[in-house]
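Down below is the structure, laid out as C-alpha cells.
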Ligand SMILES: [Zn+2]
C-alpha cells in the first residue's frame, strides 16, 4: 500500500515544488428552464471563480465545444452559457397538436427564424412568437450588449462545413469578405468573425479565419448575422468534433487576446 501511495505523493510534491500543479478555478452551475409547447430547454450557466470571456454553446450535440470551454473556465476563467435539451442540434416541440422544429442558431432574426421553422417544419405565427420569446430569453441571459465580444463555440464534421466553404466556389463564398485558410492546419478548425481587427489578429497568429460580409451575408437568423446587424463584435471558435486540444488552444488564445490584453485588438 505504502509503496503505491509514496510515489504518488512524491510526484505531487515534486510537481508543487516545480510549480507544475496548474491552479484550477471553481465553477458554479445554475440553470433556468424554458417551456416551448410541450418541450423544455434548459439554459445552463457555468460561472468560473475567475473573470474572463463569456462563451455561448447553442447546439446541444456539440459537446467537444462545451468541454473545451469548461477547460478554459477552469484554467483561465470566464462564463459559459449552454442550451441543454435532447442532445440534438435542433429543438423540437409540439404546440396545438402541430410539431415544430427549429435550429437554435437560426432564431435571432425574424427573417431567419421564419425560414428555419419553414425549412424544418412549418412557420406559423404562434410557433414564431414562442421561439422569438425564447431567443429573447437566451439573449437576456447571455447579454451580448454588455460584452467586449460575443464568443460562440461550435463543432463541425470532417470534410463538410469548414473555412473552405467560404473560398471561391464554396457554398458560402458570398457571405465572406475575407478568408484565410492556414496551410498547415485542418480547415475544419477556424474562427468566424464579424470584426476586421479581430480577423487580422487571428490570421497573423496563424489560425484559419473568415470575416463575415456584414452588409451582404444571407440573413439566416444566426447569431453572427444578428451581431453584424447590431454592430457587435462576434467570434465563433469552430472546431471539428473531437478536436478538443485544438479548440482549447483557440479559446485560450482568444482569452489572452480579448481579456488579458484587449488593447492589442
Ligand atoms: Zn453549432
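Could you please find all residues in segment 35-64 being touching a strand residue (DSSP E or B) at 6+ places or on another chain (Cβ under 6 Å), more than 28 Å from residue 157 (Cβ to Cβ) and in contact (Cβ under 8 Å) with a residue 40 or more places away in the chain?
Answer for segment 35-64, where residues must be touching a strand residue (DSSP E or B) at 6+ places or on another chain (Cβ under 6 Å), more than 28 Å from residue 157 (Cβ to Cβ) and in contact (Cβ under 8 Å) with a residue 40 or more places away in the chain: 37, 38.
Within segment 178-197, can one find any residue that is in a helix (DSSP H, G or I), surrounded by fewer than 22 Cβ atoms within 10 Å (Cβ to Cβ) and modelled with pLDDT of 85 or more?
yes
Select from segment 65-93 the residues that are touching a residue at least 40 places away in the same chain (Cβ under 8 Å), surrounded by fewer than 22 Cβ atoms within 10 Å (Cβ to Cβ) and either part of a helix (DSSP H, G or I) or away from the ligand (no atom under 16 Å from the Cβ) (or both) and list them in ascending order.
66, 67, 70, 71, 74, 75, 76, 77, 92
Taking segment 25-61 as the search range and keeping residues that are part of a loop (DSSP other than H, G, I, E, B), within 16 Å of the ligand (Cβ to nearest atom) and buried (at least 19 other Cβ atoms within 10 Å of the Cβ), which one is farthest from the chain's Cα centre (by Cα)?
60
Failed condition for residue 106, given (1) part of a loop (DSSP other than H, G, I, E, B); (2) exposed (fewer than 13 other Cβ atoms within 10 Å of the Cβ), with all others met?
So the condition that residue 106 fails would be (2).
Checking residue 114 against (1) at negative phi; (2) within 17 Å of the chain's Cα centre (by Cα): exactly one of these is not met. Which one?
In the conditions (1) at negative phi; (2) within 17 Å of the chain's Cα centre (by Cα), residue 114 misses (2) alone.
Considering segment 148-161 alone, what residues qualify as being assigned to a loop (DSSP other than H, G, I, E, B), surrounded by 15 or more Cβ atoms within 10 Å (Cβ to Cβ) and within 16 Å of the ligand (Cβ to nearest atom)?
Selection gives 161 alone.
Which residues, taken from segment 162-177, are touching a strand residue (DSSP E or B) at 6+ places or on another chain (Cβ under 8 Å) and assigned to a loop (DSSP other than H, G, I, E, B)?
162, 167
Quick one: count up the residues across segment 228-265 that are closer than 21 Å to residue 58 by Cα and in contact with a helix residue (DSSP H, G or I) (Cβ under 7 Å, 6 or more places away or on another chain).
16
As an exercise: evaluate residue 144 against (1) within 16 Å of the ligand (Cβ to nearest atom); (2) closer than 18 Å to residue 192 by Cβ; (3) touching a helix residue (DSSP H, G or I) at 6+ places or on another chain (Cβ under 8 Å) and give the number of the one condition it does not meet.
(1)
The values are calculated or read from the model by the stated rules, or taken from the named source; none is laboratory data. This is a predicted model, so every value here is computed, not measured. FYI the Cβ positions are ideal-geometry reconstructions off the backbone, even for glycines, and counts take in every protein chain you see.
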